Amino acid sequence: MIDAEMRGKLPKVENKEDVLTSNVFGLLELVDYKGLIEILATARNINGETCEKLQNKHLKIENVELWKSFGGDEPDIFVTLEDGTQFVIEVKFYGGEHNKKVVEDGEKTDKGQLRKYLDATQTDFLIYLTRSYRALKELSEDSRKKEDKIYHIHWEEFNEGLKKVKNLKGFEKKVFEKLIDYLDFKGFEIWQGFQYRPEKYDIDLTDYERIKQ
């Protein structure tokens with residue numbers, strides 16, 4: 001599926017969030033989610049704070065479920081850690097949370113998707129994974145009531161985190177290379193500026209230095 005998408009064979013799925021979720025976390029499952037906690041630990045809430053529960057570098061993931069049902073609500077990813085901590089990862093491509101107009105106390109209000117998942121799963125916090133740099137500033141009024149429990153990480157930061165995972169060998173290394181190639185293909189890469197590579201143009205730098213003198 002990933003190779004077909006990267007070769008332009010599946011144009012209709014390129015911006016599908018469920019496909020993105022399945023591709024990324026399906027690959028990470030093959031390596032027991034190595035490095036995932038360390039990457040998510042960099043996520044911050046609206047106050048710029050990281051999640052204290054994720055700062056333990058020795059914490060391990062016990063279970064990950066995609067689209068687990070909670071009475072009709074299906075958050076993208078439901079994670080259980082070995083110490084019993086549970087949290088949700090909600091994946092978006094570019095856009096913000098999906099809201100629904102509901103009537104409460106005779107007034108219409110936006111029922112926030114992220115607040116709804118926090119309430120339905122009874123988890124301590126939620127990781128919001130999206131490319132939007134205004135994700136936390138554009139939370140619904142409903143979700144803002146729990147904004148201190150909503151942590152955000154950009155796809156570019158997620159990808160950079162993957163590139164920093166160390167001690168990869170054999171199969172693990174191949175999985176990470178495939179995943180990084182995929183996220184680079186999706187455009188989730190921090191811009192490093194223009195790269196000048198003289199060897200691409202057959203330039204002899206020795207002669208160039210001689211001419212300058």
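Would you please name the residue that is modelled with the lowest pLDDT, looking only at residues in the range 48-87 that are polar (S, T, N, Q), in contact with a helix residue (DSSP H, G or I) (Cβ under 9 Å, 6 or more places away or on another chain) and over 17 Å from Arg115 (Cα atoms)? Explain how you work it out, then say what you get.
At the first step, the residues of the range 48-87 found to be polar (S, T, N, Q) are 50, 55-56, 63, 69, 80, 85-86.
Those still in the list that are in contact with a helix residue (DSSP H, G or I) (Cβ under 9 Å, 6 or more places away or on another chain) too: 56, 85-86.
Next, from what is left, pick out any that are over 17 Å from Arg115 (Cα atoms): 56, 85.
Details: Asn56: 90, Thr85: 95.
For the range 48-87, the residue satisfying everything is Asn56.
Every residue, every condition in (1) under 23 Å from Leu30 (Cβ atoms); (2) out of contact with any Ser or Thr (no Cβ under 6 Å at 6 or more places or on another chain); (3) basic (Lys, Arg), yes or no:
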{"position": "Leu118", "(1), (2), (3)": "no, yes, no"}
{"position": "Ile127", "(1), (2), (3)": "yes, yes, no"}
{"position": "Arg134", "(1), (2), (3)": "no, yes, yes"}
{"position": "His152", "(1), (2), (3)": "no, yes, no"}
{"position": "Lys166", "(1), (2), (3)": "yes, yes, yes"}
*Could you tell me which residue of the range 92-129 is surrounded by the fewest Cβ atoms within 10 Å (Cβ to Cβ), considering only residues that are part of a strand (DSSP E or B) and at pLDDT 95 or above?*
Phe125
*Any chance Trp155 is at pLDDT 95 or above and under 23 Å from Tyr94 (Cβ atoms)*: yes
_Going by what's in this entry, would Ile37 be described as of a type outside the set (S, T, N, Q), closer than 15 Å to Phe158 by Cβ and surrounded by 12 or more Cβ atoms within 10 Å (Cβ to Cβ)?_
yes
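From the residues in the range 172-205 that are outside any helix (DSSP H, G or I) and modelled with pLDDT of 90 or more, which one is surrounded by the most Cβ atoms within 10 Å (Cβ to Cβ)?
This residue is Phe188.
Filter the range 161-171 for residues that are in contact with a Phe, Trp or Tyr (Cβ under 9 Å, 6 or more places away or on another chain) and assigned to a helix (DSSP H, G or I); which is surrounded by the fewest Cβ atoms within 10 Å (Cβ to Cβ)? Talk me through it step by step, then tell me what you get.
Here is the first cut: in the range 161-171, the ones in contact with a Phe, Trp or Tyr (Cβ under 9 Å, 6 or more places away or on another chain) are 162-163, 165, 168.
Next, only the ones that are assigned to a helix (DSSP H, G or I) stay: 162-163.
Working: Leu162: 20, Lys163: 14.
Looking at the filtered set, the residue picked out is Lys163.
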*Do you know which residues across the range 69-99 are free of Cβ contacts under 8 Å to residues at least 12 places away in the same chain and charged (D, E, K, R)?*
Glu74
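The values are calculated or read from the model by the stated rules, or taken from the named source; none is laboratory data. Source: prediction; values computed, not measured. Virtual Cβ from ideal backbone geometry, glycine too; neighbours counted across all protein chains shown.
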